[in-house]
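The values are calculated or read from the model by the stated rules, or taken from the named source; none is laboratory data. Quick caveat, the model's predicted, so the values are computed rather than measured. Using ideal geometry, Cβ is built from the backbone for each residue, glycine included, and neighbour counts are taken over all protein chains shown.
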């Protein structure tokens, strides 16, 4: 409605009960029509925005193989798209089992089946190398057995054997916990800790043997 437009004017000759509200109704209809048009425009814009956000970029779909950059080391790895929605997707890194949510725009085409097989083999090799950094069993030590011979020799050896048999078993300390950082650094650190671990065990066993020999000598002198 134009500014200053006259919707209705009463004259002195008009009766109080006579009303002509045609212009008023027309102005109301024009205002309502503008409001409806604005609501329709906003609704259409919102629908188009939601549709663009829910549709993934062209070229990628669930189950496709790709190359994604792993956030743990910022290196590219062969992966498979497990879930895809909008601008993000969840990928499964071949061979390693890790899953991560990444941007679809950051994906790159896979280098093919051979590259995926090679990555799977590298992953299995790294797992085996990490598992073999600790020995599965510690060496078992048997106490010396008595040997037949002259009575005095049998007595001395039997006393030594009994003394060794009385040596309390020294439980080895628990192995260090596994590591989750860089594989090369972990292998070097694991080897160092394992050498300390075995050195302490053998040192304790050697000290026990020395103590047994001293007790055996004392026993022989007393007899």
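Going residue by residue through the stretch 91-114, is there one that turns out to be surrounded by fewer than 16 Cβ atoms within 10 Å (Cβ to Cβ), part of a strand (DSSP E or B) and in contact (Cβ under 8 Å) with a residue 40 or more places away in the chain? Scanning the stretch 91-114 turns up at least one residue that is surrounded by fewer than 16 Cβ atoms within 10 Å (Cβ to Cβ), part of a strand (DSSP E or B) and in contact (Cβ under 8 Å) with a residue 40 or more places away in the chain. Pairs linking a residue in the stretch 51-68 that is at pLDDT below 90 to a residue that is part of a helix (DSSP H, G or I), with Cβ atoms under 6 Å and 6 or more positions apart or on different chains, are 56/104; 57/104.
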